[in-house]
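As structure tokens, the structure follows; a few thoughts come after it.
The values are calculated or read from the model by the stated rules, or taken from the named source; none is laboratory data. Nothing here was measured: the structure is a model prediction, and the numbers come from that model. Quick reminder, even Gly has a Cβ in these numbers, built from the backbone with ideal geometry, and neighbours come from all protein chains shown.
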Amino acid sequence: MNIKKQDKATHRNTLLILLIAAALVVWATLIGLGSYLFAEKTDLRKPLIVVGVMGAFLLIWMTSWMMRRVGLNRK
């Protein structure tokens, strides 16, 4: 019985983290698009920097999250 509750909680937490990551991707895309469309000079580097930094942040965040999950499963 406890295992099923833990599986549900783990699934819910995973879904929540993926939802947060998706929201951050959408947010970074909107900011990048805004920096491209509403700037005086349209420079493609600005949105690429915004999306690249968010991608790097999410990569570090997801890597640390996965390492934590692996560490918890070993115990």
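Of the numbered conditions (1) within 30 Å of Val70 (Cα to Cα); (2) of a type in the set (Gly, Ala, Ser); (3) at pLDDT below 85, Ala39 fails exactly one; give the number of that condition.
(1)
I'm trying to understand the selection: among the residues of the stretch 1-36, which are exposed (fewer than 13 other Cβ atoms within 10 Å of the Cβ) and more than 26 Å from Met66 (Cβ to Cβ)?
Once the filter is applied, which keeps residues that are exposed (fewer than 13 other Cβ atoms within 10 Å of the Cβ) and more than 26 Å from Met66 (Cβ to Cβ), the stretch 1-36 yields Met1, Leu30.
Look through Val51, Val70 and report the one residue that is assigned to a helix (DSSP H, G or I), within 12 Å of the chain's Cα centre (by Cα) and modelled with pLDDT under 90.
That would be Val51, the only listed residue that is assigned to a helix (DSSP H, G or I), within 12 Å of the chain's Cα centre (by Cα) and modelled with pLDDT under 90.
Going through the stretch 28-48 one residue at a time, which ones are assigned to a helix (DSSP H, G or I) and either among the polar types (S, T, N, Q) or under 27 Å from Ala9 (Cα atoms) (or both)? Before the answer, list the steps.
Just the residues of the stretch 28-48 that are assigned to a helix (DSSP H, G or I), to begin with: 28-37, 45-48.
Passing the criteria: Thr29, Ser35.
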